[in-house]
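The structure is given below, and queries will be raised subsequently.
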Amino acid sequence: MIQVSKLIPQGQGLAPVLLKRATTVELDWDVRQKSRFAATDSAGRELGVFLPRGTLVRGGDVLVAEDGSLVRVLAAPQPVLVITHCPNHGTPFDLTRAAYHLGNRHVPIELQPDHLKIEPDHVLADMLRAMHLIVKAQDLPFEPEGGAYAAGHGGGHDHGHSHDQGHAHDAGRNDAQEHHHDAAPTRARPVPIPVVAQGHVQGPHCNHGHDHGDHGHSH
């Protein structure tokens, strides 16, 4: 077994010719969210992956084996629920509401401009359909958000600047903290958002209460 203990996020800094020569390994999300796992690459080599704890492995990342060889990670298609807004009876904002409610349940979510993806869950699917969203079961790569404070590169991107280098908003915040350091902290009061959309009546024979033909049920 070949040991792997280094990961290069998205193969940054590697020449295209090196990436082209690299072997590949196809992993689903259940494996890619682990920092220690075994896998077999496209050349049939057994890999023992030992990465820093908390590392999220993303499709497009490159693993560096102990012999210096490169292994490019592919996000394997897996069962997911694809969530879209209803073009006839809803708005794109419905996806924002859905992400809010799913986030409250700590559900891994892949966020895209025009859809969301989650792992299969019939209870959540029913909830989303009650919100007049379209839910379809598909087999696709799954790349959920890593969270703002997640360890490893999955938690965010380096945009080449630091927020502590003279930004005006930080200076203002620090001044406020200096003048009000004795004040008791205040907490924002959560505002409840209803789950079920109002002013609309569901129909009996479709995905979320409307007839969309090929959308169909996705249980």
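The values are calculated or read from the model by the stated rules, or taken from the named source; none is laboratory data. Note that the coordinates shown come from a computational prediction; the quantities given were computed from them, not determined experimentally. Positions of Cβ are backbone-derived with ideal geometry, glycine not excepted, and every protein chain shown enters the neighbour counts. SASA here: full protein model, heavy atoms, side chains in, ligands and nucleic acids out. Shrake-Rupley method; radii C 1.70, N 1.55, O 1.52, S 1.80 Å.
Looking at this structure, is Pro120 closer than 19 Å to Pro144 by Cα, part of a strand (DSSP E or B), open to solvent by 60 Å² or more (accessible area, probe 1.4 Å) and of a type outside the set (A, V, I, L, M)?
no
Identify all residues within segment 7-19 that are surrounded by 14 or more Cβ atoms within 10 Å (Cβ to Cβ) and not hydrophobic (A, V, I, L, M, F, W, C); write none if there are none.
Passing the criteria: Pro9, Gln10, Gly11.
Has segment 50-64 got at least one residue that is at pLDDT 95 or above and touching a Ser or Thr at 6+ places or on another chain (Cβ under 6 Å)?
Yes, segment 50-64 has at least one match.
Moving on. Say we look at segment 24-38 and pick out the residues that are of a type outside the set (A, V, I, L, M) and assigned to a strand (DSSP E or B); which of these is farthest from Leu7 (Cα to Cα)?
Glu26
Report every pair of residues separated by at least 6 positions or lying on different chains whose Cβ atoms are under 6 Å apart, first residue within segment 47-69 and of a type in the set (Asp, Glu), second open to solvent by less than 10 Å² (accessible area, probe 1.4 Å).
Within 6 Å, the pairs are Asp61/Val73.
Restricting attention to segment 16-34, does a residue exist that is basic (Lys, Arg) and in contact with an Asp or Glu (Cβ under 7 Å, 6 or more places away or on another chain)?
Checked against the condition, which is being basic (Lys, Arg) and in contact with an Asp or Glu (Cβ under 7 Å, 6 or more places away or on another chain), segment 16-34 yields no hits at all.
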